[in-house]
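The values are calculated or read from the model by the stated rules, or taken from the named source; none is laboratory data. Because the structure is predicted, anything quoted here is derived from the model rather than measured. Virtual Cβ from ideal backbone geometry, glycine too; neighbours counted across all protein chains shown. Please note that ligands, DNA and RNA were not included when accessible areas were found on the heavy atoms of the full protein model with its side chains. Shrake-Rupley method; radii C 1.70, N 1.55, O 1.52, S 1.80 Å.
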Amino acid sequence: MATVFETPMDMLGTEGQTLGTSEWMEIDQDRVNMFADATGDHQWIHINKEMAEQSPFGTTIAHGFLTLSLLPYLMKETYSINKVAMGINYGCNKVRFINPVKVGSRVRGISEVVSVEEAGGGIQLVVKATIEIEGEEKPACVAETVTRLFG
């Protein structure tokens with residue numbers, strides 16, 4: 001279940017709070033192929049099932065940056081702000097791809113507030129976003145995202 005805030009300023013003082021967990025989302029080959037086309041990254045481990053079957057993974061895997069790019073979709077299920085005029089992705093402090101996402105796997109996002117501070121008439125929010133893989137001990141990705149939110 002998602003945490004709901006009325007305004008961005010209501011997030012001040014929430015450091016350390018887990019905001020929520022998204023629903024599971026399947027990563028299928030069509031999504032991986034579309035990402036390969038969009039980025040020009042057609043490495044065989046992502047798009048050639050026959051070759052990938054001979055790899056240590058036994059199948060094709062999602063691009064690490066595809067996994068990272070799912071954060072906006074997954075995080076919108078973990079928290080929301082009712083009265084926000086604008087949000088801007090400000091960057092990432094750190095990103096780690098810990099475990100590959102095999103095609104056919106399901107992933108979900110968990111968000112935890114690292115820091116919140118006033119910035120430029122709004123807030124700067126740093127969230128530790130973890131993308132888990134169903135049935136796996138290690139997550140696919142852990143990233144600290146930085147967002148500016150204005151009411």
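Answer yes if at least one residue in region 114-123 is on the phi > 0 side of the Ramachandran plot and modelled with pLDDT under 95, and no otherwise.
yes
Within region 115-151, work out how many residues are surrounded by 15 or more Cβ atoms within 10 Å (Cβ to Cβ), charged (D, E, K, R) and farther than 26 Å from PRO56 by Cα.
Within region 115-151, residues that are surrounded by 15 or more Cβ atoms within 10 Å (Cβ to Cβ), charged (D, E, K, R) and farther than 26 Å from PRO56 by Cα number 3.
Which of (1) assigned to a loop (DSSP other than H, G, I, E, B); (2) open to solvent by less than 20 Å² (accessible area, probe 1.4 Å); (3) closer than 19 Å to VAL126 by Cβ does SER55 not meet, given it meets every other one?
Against the list (1) assigned to a loop (DSSP other than H, G, I, E, B); (2) open to solvent by less than 20 Å² (accessible area, probe 1.4 Å); (3) closer than 19 Å to VAL126 by Cβ, SER55 comes up short only on (3).
Mind checking which residues of region 31-40 are without any contact (Cβ under 8 Å) to a residue 24 or more places away in the chain, under 12 Å from LEU66 (Cβ atoms) and not aliphatic (A, V, I, L, M)?
Across region 31-40, the qualifying residues are ASN33, ASP37.
Do you know which of the residues in region 80-114 that are farther than 27 Å from ASP30 by Cβ and open to solvent by less than 40 Å² (accessible area, probe 1.4 Å) is farthest from the chain's Cα centre (by Cα)?
So the residue we want is ILE81.
MET75 fails exactly one of the following numbered conditions: (1) out of contact with any helix residue (DSSP H, G or I) (no Cβ under 9 Å at 6 or more places or on another chain); (2) closer than 16 Å to GLU23 by Cα; (3) open to solvent by 40 Å² or more (accessible area, probe 1.4 Å). What is the number of that condition?
Just one mismatch for MET75, condition (3).
Go through the residues of region 25-46 one by one and say whether even a single one is assigned to a strand (DSSP E or B) and open to solvent by 80 Å² or more (accessible area, probe 1.4 Å).
Yes; the residues of region 25-46 include at least one that is assigned to a strand (DSSP E or B) and open to solvent by 80 Å² or more (accessible area, probe 1.4 Å).
Among the residues of region 1-24, write down those that are closer than 18 Å to ARG106 by Cα, buried (at least 16 other Cβ atoms within 10 Å of the Cβ) and out of contact with any helix residue (DSSP H, G or I) (no Cβ under 7 Å at 6 or more places or on another chain).
Across region 1-24, the qualifying residues are GLY20, THR21.
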